[in-house]
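The structure appears below as structure tokens.
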Amino acid sequence: MAYKYKEIANELRKQIKSGKYAPGAAIPDQNQIAQNFNTTRITVHKALQLLMVEGMVYSKRGSGTYVRKDYTNEHSNNYGNVSPIDKPFGATKTNQGKAVTSKVLELSARIPTREEADKLIIPPTEPVYVIQRVRYVNGKVFAYEHTIMPTSITTLTKDILEKSIYGHLQSKGLQIEGTHRIVRADKASQSDVENGIAHQLGEPVLVINQLSYLDDGQPFEIAESRFPYEDSQLTADITL
């Protein structure tokens, strides 16, 4: 199924790559783009979100959307293909054949912060789940996860969290399109020690922050995962 937001993103991407909008230049505002494509601002927002994930544009509150100043055609790739490091398979799928279990530390709901609502493209009054859990692979600590997810996406229970959230979403017919990830190193906190991610304070831990979205362009998850340094590595297949 061809979604309108992808059509808009594809056209804007071509215009940026062709040099119509130079690095640092503003692109038309959302109302103008919506008028040009005979669609809604929500659809345009989703298209721009996709280009932000790809690193082509950025948004300045109250000002507009701009082509990233460091963007060049050399940064371009085949955006139809997502490398393994960028595709949000989840711990269960990436550890097939192994016993993946979870210890649920929190499942609650609250009103999102302004930043969370903006990232998830939801009204500021729409509740979000707050999820904390420790993942284990073959009985060994694999990761600690802190996730924010709109309650409108699906109904979550402790039983689901003890298994696979992504598996549950897919069983409901929701297709996961991709994710924007920031990978960084950090020093272990007291929480990391308590959750078994680190042995002592200050020990290195691997951290992945991500914003994931469905195939209709709707962001569905803001997550931070923390991994023990001893068993953590990242593999990326880069196609030029």
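The values are calculated or read from the model by the stated rules, or taken from the named source; none is laboratory data. Computed from a predicted model, the values in this text were never measured in an experiment. Quick reminder, even Gly has a Cβ in these numbers, built from the backbone with ideal geometry, and neighbours come from all protein chains shown.
The table for this structure:
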| read-out | value |
| --- | --- |
| Residue pairs meeting the criteria (Cβ under 8 Å; at least 6 apart or on separate chains; first at positive phi, in the stretch 102-129; second surrounded by fewer than 17 Cβ atoms within 10 Å (Cβ to Cβ) and β-branched (Val, Ile, Thr)) | 121/42 |
| Entirely in the stretch 20-107, the helices (runs of 4 or more DSSP H) that have 2 or more residues that are hydrophobic (A, V, I, L, M, F, W, C), under 29 Å from residue 225 (Cα atoms) and at pLDDT below 90 | 41-53 |
| Filtered residue count, the stretch 184-204, keeping only those that are within 14 Å of residue 145 (Cα to Cα) and either within 19 Å of the chain's Cα centre (by Cα) or loosely packed, with under 15 Cβ neighbours inside 10 Å (or both) | 2 |
| Scope the stretch 181-205; condition closer than 13 Å to residue 224 by Cβ and either touching a Phe, Trp or Tyr at 6+ places or on another chain (Cβ under 8 Å) or not polar (S, T, N, Q) (or both); matching residues | 181, 182, 183, 184, 186, 191, 192, 195, 197, 205 |
| Looking only at the stretch 108-139, and only at residues there that are of a type in the set (D, E, K, R) and over 21 Å from residue 166 (Cβ atoms), the one that is modelled with the lowest pLDDT | 118 |
| Residue list for the stretch 128-170, restricted to those being surrounded by fewer than 17 Cβ atoms within 10 Å (Cβ to Cβ) and among the small types (Gly, Ala, Ser) | 139, 152, 167 |
| Test result for residue 173, modelled with pLDDT under 95 and farther than 23 Å from residue 95 by Cβ | yes |
| Odd one out for residue 18 among (1) loosely packed, with under 13 Cβ neighbours inside 10 Å; (2) under 19 Å from residue 211 (Cβ atoms); (3) of a type outside the set (Val, Ile, Thr) | (2) |
